[in-house]
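Heads up: the structure comes next, in structure tokens.
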């Protein structure tokens, strides 16, 4: 077993998740990533699990393996998420279930199983991912925004239930970051969205890791149940 702090990053294969894995490897963490596909990230302190976060048994198996190998984990970053732009009248139930399964059910399962192996760890932290689509009430994003609103509510209640165990649970809501998730969004729609932010620019990976760093600090043990939206969105 390593004495390094152990972090789990979901949705780790590309985009924000891949960045977070590399960022925290550089900062001395033992990182475990998961996604539905393989990863080419190479490091002697990185291990990858091919896991669908909505698959309860697969999530249980992953966290059990991490407990055996490392004794526990210190941090969970619930980054895995999917989106689909549809007017509510043209949104099929398959899309609704898929989005809620990944964004909400997956977050819930990982929080539940991670908390079980965080007990007795030093400064255990859970960070969930919300979205500015919820407070901005973005048209065409009803299901995505609703799934992330559920994540915010879950985070607030988790914070109370897990506080006696010394575990904090917080969330951050990024503004659009140029990743695969938004590349199919028309430029005109993106421009209108950015105009609704106090700071009118795309988010950057560093904006996200900056907030996570704050949540992870040992001095942040009195900060829980909070959601920080980036870009001046509230």
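The values are calculated or read from the model by the stated rules, or taken from the named source; none is laboratory data. This is a predicted model, so every value here is computed, not measured. Here Cβ is always computed from backbone atoms with ideal geometry, including for glycine, and neighbour counts include all displayed protein chains.
Some points to look at:
- Considering residues of the stretch 15-42 that are under 20 Å from residue 65 (Cβ atoms) and part of a helix (DSSP H, G or I) only, the residue nearest to the chain's Cα centre (by Cα): 17
- Output for the stretch 64-112, where each listed residue is part of a helix (DSSP H, G or I), buried (at least 20 other Cβ atoms within 10 Å of the Cβ) and in contact with a strand residue (DSSP E or B) (Cβ under 8 Å, 6 or more places away or on another chain): 66, 70, 106, 107, 110, 111
- Selection count, the stretch 43-66, where residues are closer than 22 Å to residue 22 by Cα and over 19 Å from the mean Cα position of the chain (by Cα): 4
- Tallying residues that are buried (at least 16 other Cβ atoms within 10 Å of the Cβ) and either modelled with pLDDT under 95 or more than 19 Å from the chain's Cα centre (by Cα) (or both) within the stretch 197-216 yields 3.
- Residues in the stretch 18-43 that are in contact with a strand residue (DSSP E or B) (Cβ under 7 Å, 6 or more places away or on another chain) and under 21 Å from residue 213 (Cα atoms): 10 in all.
- Candidate set from the stretch 147-188 (those that are modelled with pLDDT under 85 and surrounded by 14 or more Cβ atoms within 10 Å (Cβ to Cβ)); member that is farthest from the chain's Cα centre (by Cα): 185
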